[in-house]
Every structure is written in structure tokens, then in C-alpha cells.
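Presented below is the structure to which this report refers.
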Amino acid sequence: MQYLIVIFTYVLSLAACPQPKAKPQVEKLYFPLGDTELVFTKTVYKSGGDTIFLQLHDNELTAEASAIEYIQEAGGVLLSIENGGNRNVSFTLNNQSYTFDPNRIFTPTGLQATLERLGNHSPEAMAAVTQLADSILKHILDYALIIAVHNNTNEAFSISSYASDTTYQRDAAAVHTNAAHDIDNFFLTTEKSLYDVLVKLNYNTVLQDNERATDDGSLSVYMGRKGVRYINVEAEHGHHSFQLQMITDLLKQKH
């Protein structure tokens, strides 16, 4: 009996000790871009599963941290850009400098607009960045659900933008708001069934109008046109715990 008590006590002590965190599989992906390369990190915890997180703006650190914390506990995949902490990507090609927003490159119209808005534009630059966009898509389109994680600044871009700003109103087929939540924390999805789930959870949520949404080259526009299950989890910089809760609640319900 004393021997059994010792074993039982040992098992309890093991259970009480903090268990070591799972170690991820980390892979660097190098995509050619003009005279250099753009690097992405692919982080996989546990089996990975059928969902992939994507971080396209390297200055949105809260979004990256929230996705990492979620997949560390639950398993999953994150594909994140490595761009020196910058939002926009710059490169040189044929001795000419170019800059673009990496979430505005997934349609020809949007890509041309972002290159022109941020500097120079040329057919050669269009071709180089189109190749980059195609490479990113190849790494994410096989997943059943694609979740982009983003951050915004206080009251600059929010759920209210889709309700009252004519720039965004046409992009929304439906908008649900929860007055108790910060307007900067919201979901945008391309799929009605996912929208309905998030409305039941009473989160600020936008259902994109996939036919009328402005062609800005964003991933949401591309996915909407292709009929791909896509969600953007948007939260204010620094709202880590809330963004993590958004992700957790979403993925409890996603099927």
C-alpha cells in the first residue's frame, strides 16, 4: 500500500508541474522579388490541421502574437511575412525602386493601384509582384479555411467604416455590431454561413459583398471572387487577449 501511495503521489506531482510547450516546425520560404528575395516564415504546431493563418503586414505584431499563441495551444499553421517590421514592401528591379502593400497584390487592378500610389509602376514590376502573389496563394489555397490576422489603429478603420463610410459601405452585404465591443475589433468574412456563426457569437462582423466589393487587390476580394472560405480577424494594436479570444471562439464553431 505504501508503494502505491508513493506512485500516486509521484503522478500527482507530475500533473502539477507545468508541461513544456510543444516545439514548432519552422520553415523559411524565400520568394524571388526583383533583385532580392522576400522571406516568409511557416510555423506549424502539432499536426497543423486544415486551417492556416496568414500575416501579411510585418508591423502588425499583436496579430502575429495572437495567432502564434493560439496554434501553440491548439495546433495549426501560421504563414507570416518577414519585412523588417514594415507594413509595405520595397524592392529594386532594373535599377528602379518599387513599393507595394502586400495585401493589395492579389488582383491586377489592385496591384497596379498600390504600386502607383506608393511610388513607381512598370510592367516588369507588375510581373514580379504577380509571381509573388501566386506563390503565396499556392501555399494557402489547399487549406479548408484561411484566416488573415490584422491590426488597426484606434478608430481609424473599424466596423463603423462599413456602416457609415461611403468608401466601405458598398463592400458589405451585411453588418452586425455589438455596442459592448470596441469598434476596432471585428471580423470580415466572404461566406454567409461563417457570418451567421459570428453573429450568433455577437461579434462585430462584416459579410463582404463578393460581387460589389471594390477591387483593391486585397486577399478578401480575391477569395470572395473565388468562393474560398476566408475570414479576416481585425483588432486594434495591443488588443492581444481580445484578438486571441476572437480566434478561439471562431475556431470552436468553424465547422
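Below are the figures for this structure:
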quantity: Label-reachable residues, region 90-126, where backbone N falls under 12 Å from a point 7 Å from Arg225's Cα toward its Cβ; calculated: 105-112
quantity: Kirkwood-based shape ratio for region 45-141, expressed as Rg/Rh from alpha carbons; calculated: 1.04
quantity: Helix 61-74 vs. the chain, principal-axis angle (Cα, 0 to 90°, nearest 10); calculated: 40
quantity: MRE, 222 nm, helices only [DSSP H, n ≥ 4, -39500 (n - 2.57), over the chain, to nearest 500]; calculated: -12000 deg cm²/dmol
quantity: Pairwise label distance in nanometres, Arg212 with Arg117, each label 7 Å out on the Cα-Cβ vector; calculated: 2.1
quantity: Estimated translational D of region 70-114 in µm²/s (Stokes, Kirkwood radius over Cα pairs; 20 °C; 1.002 mPa s); calculated: 166
quantity: Gaussian network model of the chain, springs between alpha carbon atoms under 10 Å - residue of His239, His181, His150 with greatest fluctuation; calculated: His181
quantity: Full-extension gain in nm, Ala65 to Asn95, via 0.36 nm per residue minus C-alpha separation; calculated: 7.2 nm
quantity: Gain upon complete extension [Lys28, Ser164; 0.36 nm per residue less C-alpha separation]; calculated: 44.8 nm
quantity: Carbon + sulfur, % of accessible area of the chain - ligands and nucleic acids excluded, 1.4 Å; calculated: 51
quantity: Binned Cα-Cα distance frequencies in the chain - 10 Å width, integer %; calculated: 7, 28, 33, 18, 7, 4, 2, 1, 0
quantity: Accessible area expressed per residue, the chain, with surrounding protein chains retained (probe 1.4 Å, Å²); calculated: 49
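The values are calculated or read from the model by the stated rules, or taken from the named source; none is laboratory data. All of these numbers come straight from a predicted model, not from anything done at the bench. We place every Cβ from the backbone using ideal geometry, glycine too, and count neighbours over all the protein chains shown. Heavy atoms of the whole protein, side chains included, go into the accessibility calculation; ligands, DNA and RNA do not. Shrake-Rupley method; radii C 1.70, N 1.55, O 1.52, S 1.80 Å.
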